[in-house]
Amino acid sequence: MSLVPSLTEAIAATDAELLVGATDWCTHPAGLDVPRVGGTKWPDVARVRALEPDLVVANAEENRPEDVAALRDAGLFVWVTAPATVAQALGSLGRLCAVLGDPDPGWLGQARAAWVSPPALPAVRGVVPIWRRPWMVLGRDTFAGDVLARLGVVNVFAGSTDRYPKLAPGDLGGIEADLVVFPDEPYAFTPDDGPEAWPQARPVFVSGRHLTWYGPSLAEAPAVLTRQLGG
């Protein structure tokens, strides 16, 4: 059972028959036909328990601690992941695949190879909004921040005390950045919704799945994101 969209994709790519359920937000692979248990937040604990999974896979940021606790109180084994770097994500995925009975599936080998020496832009300073109302950006110690750093984007807020700093609208124009990187999730930024608040920097729009998911998408992420970041 997976409560994390990227790990649902990873498990399905390794052995789809192992999945007994997933969340409503688990959109990859397309056409995945498994029982759904609600969102990543507030999953239906009774529904999860009824499916009798041997293992529930969760994530420290995507899933609420109280939901993890409720699943464990129901007698389920819950594995919680929390990678903050590409290396940690690849290591975590390797351990998961080993538990699944295939420690080195083809997609994982491709993902590892893609990040040995990924293409990189000339170093640029970037800010990465992930939400507005209120504005929130990537701060310190995030997986997406490490992805971008490896591709040449230096996060302006990497030294923040917060992992996801909140910004007042009046503060945005004074932030020195070359790029504003707008992912399409969790907030669906568009050319008409986002760039107007950051006139000082070039806006670029990137695939949230390739920026924030850790799973099979990691094999494509360096090429996809570099192309999008280069404009």
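Since every read-out is calculated from the coordinates, none of them should be taken as a lab result. All values reported here derive from a predicted model rather than from experimental measurement. Cβ: placed from backbone, ideal geometry, glycine included. Neighbour counts: every protein chain shown.
Only residues that are part of a helix (DSSP H, G or I) and closer than 13 Å to Leu148 by Cα were counted across the stretch 206-231, and they come to 14. For the stretch 47-78, a residue qualifies if it is farther than 18 Å from Leu18 by Cβ, of a type in the set (Gly, Ala, Ser) and touching a residue at least 24 places away in the same chain (Cβ under 8 Å), and the qualifying residues are Ala70, Ala74, Gly75. Val147 passes every criterion in (1) assigned to a loop (DSSP other than H, G, I, E, B); (2) in contact with a helix residue (DSSP H, G or I) (Cβ under 7 Å, 6 or more places away or on another chain); (3) β-branched (Val, Ile, Thr) apart from (1). Scanning the stretch 24-46 for residues being in a loop (DSSP other than H, G, I, E, B), among the aliphatic types (A, V, I, L, M) and in contact (Cβ under 8 Å) with a residue 24 or more places away in the chain gives a total of 2.
Scanning the stretch 157-205 for residues that are touching a residue at least 24 places away in the same chain (Cβ under 8 Å), surrounded by 16 or more Cβ atoms within 10 Å (Cβ to Cβ) and in a helix (DSSP H, G or I) gives a single hit, Leu172. Taken over the stretch 7-23, the criterion of being part of a helix (DSSP H, G or I), closer than 22 Å to Glu220 by Cβ and out of contact with any strand residue (DSSP E or B) (no Cβ under 6 Å at 6 or more places or on another chain) is satisfied by Glu9, Ala10, Ala12, Ala13, Thr14, Asp15, Ala16.
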